[in-house]
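Student: Could you have a look at this structure, given as structure tokens, before my questions?
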Amino acid sequence: MYVLVVGGGKVGYFLTQYLLQENYEVTLIEKDYARYKYLEDKLGETVFYGNGSEMSTLEKAGIQRADVVAAVTGHDEDNIIICQMAKDIFKVPKVVGRVNNPKNEGAFKLLGITHFVNSTKLIYQLIEEEAGIGKTLHLLTLKSQAELIEFIIDTNSKILGKCLKDIALPKNTIVISIFRNNSLIIPDGNTKFEALDSVFLLTTPDNIESLKNIFLNN
């Protein structure tokens, strides 16, 4: 399956990383050159430089053979244009759009874009992240059955120095990755947690409180 992600902000970056870990073929389009170079350093040839709201860029990135297009830029106008082109011109089987302003949900629906993610809570949680450590960020809800979440480990957390294999995680929970000092770690059972780690997990909504007790309580 080939997935085309447009927008290399935090959502696009993490989504691309997750898809790559699941062995999908992915291209991430980013139009800001400085951000593109940063992403290229992290993700290599997966990243494509260009304006994803332009038809020529989408064609060069291979939209003609895409199975899924995810428009996750920070601008609803761009996301609507990208979704429209993907759906109506290139006939992509599945199109997903990011909604930054809840008032624009009606525009997505009016244009027949039925799969979209409302980013209002995302933005709030990104602001909350800047306030300090020991936070829980809900990054994405998948079909109301799964959550991508991030925990930022406090300097006094009870799991500091513990190995992943020694922590009893709730059922249906996977630790996907850890960001430490701007470096990506794909954890195994022997990976130990350190202060200020950003831990990304895939879980079900009913597990979140239990996970807070594990990762955030001192």
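Student: So in the range 3-16, with the set limited to residues that are crowded, with 21+ Cβ neighbours inside 10 Å and assigned to a helix (DSSP H, G or I), which one is modelled with the lowest pLDDT?
Tutor: VAL11
Student: What are the pairs with Cβ atoms under 8 angstrom where one residue, in the range 70-82, is over 17 Å from LEU110 (Cα atoms) and the other, located anywhere, is assigned to a helix (DSSP H, G or I) and modelled with pLDDT under 90? Sequence gap at least six, or different chains.
Tutor: VAL72/VAL11
Student: Within the range 86-97, can you find the residues that are within 20 Å of VAL117 (Cβ to Cβ) and assigned to a helix (DSSP H, G or I)?
Tutor: Initial filter on the range 86-97 (within 20 Å of VAL117 (Cβ to Cβ)): 86-87, 92-97.
Result: ALA86, LYS87.
Student: What is the one condition in (1) surrounded by fewer than 19 Cβ atoms within 10 Å (Cβ to Cβ); (2) under 18 Å from LEU15 (Cα atoms); (3) out of contact with any helix residue (DSSP H, G or I) (no Cβ under 7 Å at 6 or more places or on another chain) that THR46 does not satisfy?
Tutor: That leaves (3) as the condition not met.
Student: For the range 181-216, how many residues are without any contact (Cβ under 8 Å) to a residue 24 or more places away in the chain, buried (at least 17 other Cβ atoms within 10 Å of the Cβ) and charged (D, E, K, R)? Steps first, answer last, please.
Tutor: Taking the range 181-216 as the starting set, the residues that turn out to be without any contact (Cβ under 8 Å) to a residue 24 or more places away in the chain are 181-183, 185, 187, 206, 209, 213.
Narrowing the set further to residues that are buried (at least 17 other Cβ atoms within 10 Å of the Cβ) leaves 187.
Filter once more, so that each one left must be charged (D, E, K, R): none.
Final tally of qualifying residues: 0.
Student: Counting just the residues of the range 1-43 that are in contact with a strand residue (DSSP E or B) (Cβ under 8 Å, 6 or more places away or on another chain) and among the acidic types (Asp, Glu), which one comes out nearest to ILE80 (Cα to Cα)?
Tutor: Taking the candidates together, the pick is GLU30.
Student: Exactly one condition in (1) assigned to a strand (DSSP E or B); (2) within 16 Å of SER157 (Cα to Cα) is not met by SER210; state its number.
Tutor: Tallying (1) assigned to a strand (DSSP E or B); (2) within 16 Å of SER157 (Cα to Cα), SER210 fails exactly one: (1).
Student: If you scan the range 148-177, which residues turn out to be touching a helix residue (DSSP H, G or I) at 6+ places or on another chain (Cβ under 9 Å) and aliphatic (A, V, I, L, M)?
Tutor: Passing the criteria: LEU148, ILE149, ILE152, ILE153, ILE159, ILE167, ALA168, LEU169, VAL175, ILE176.
To keep it simple, each residue is scored yes or no on (1) assigned to a strand (DSSP E or B); (2) at pLDDT below 95; (3) surrounded by fewer than 20 Cβ atoms within 10 Å (Cβ to Cβ); (4) not β-branched (Val, Ile, Thr).
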| residue | (1), (2), (3), (4) |
| --- | --- |
| TYR18 | no, yes, yes, yes |
| LEU28 | yes, no, no, yes |
| GLN64 | no, no, yes, yes |
| GLY74 | no, yes, yes, yes |
| GLN84 | no, yes, yes, yes |
| GLY106 | no, yes, yes, yes |
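Student: Follow-up question, since we're still on this one. Can you go through LEU201, LEU211, LEU142, LEU184 and tell me which one is modelled with pLDDT of 85 or more and out of contact with any helix residue (DSSP H, G or I) (no Cβ under 8 Å at 6 or more places or on another chain)? Break it down stepwise before answering.
Tutor: Working: LEU201 fails: out of contact with any helix residue (DSSP H, G or I) (no Cβ under 8 Å at 6 or more places or on another chain); LEU142 fails: modelled with pLDDT of 85 or more; LEU184 fails: out of contact with any helix residue (DSSP H, G or I) (no Cβ under 8 Å at 6 or more places or on another chain).
Answer to the check: LEU211.
Student: Which numbered condition in (1) assigned to a helix (DSSP H, G or I); (2) more than 16 Å from the chain's Cα centre (by Cα) is the only one that ASN51 fails?
Tutor: Of (1) assigned to a helix (DSSP H, G or I); (2) more than 16 Å from the chain's Cα centre (by Cα), only one is false for ASN51: (1).
Student: Could you run through the range 147-172 and say how many residues are crowded, with 19+ Cβ neighbours inside 10 Å, assigned to a loop (DSSP other than H, G, I, E, B) and not acidic (Asp, Glu)?
Tutor: Residues flagged as crowded, with 19+ Cβ neighbours inside 10 Å, assigned to a loop (DSSP other than H, G, I, E, B) and not acidic (Asp, Glu) within the range 147-172 amount to 3.
The values are calculated or read from the model by the stated rules, or taken from the named source; none is laboratory data. Keep in mind that this is a model prediction, so the values were computed, not measured. Neighbour counts run over all protein chains shown; Cβ positions are idealised from the backbone, glycine included.
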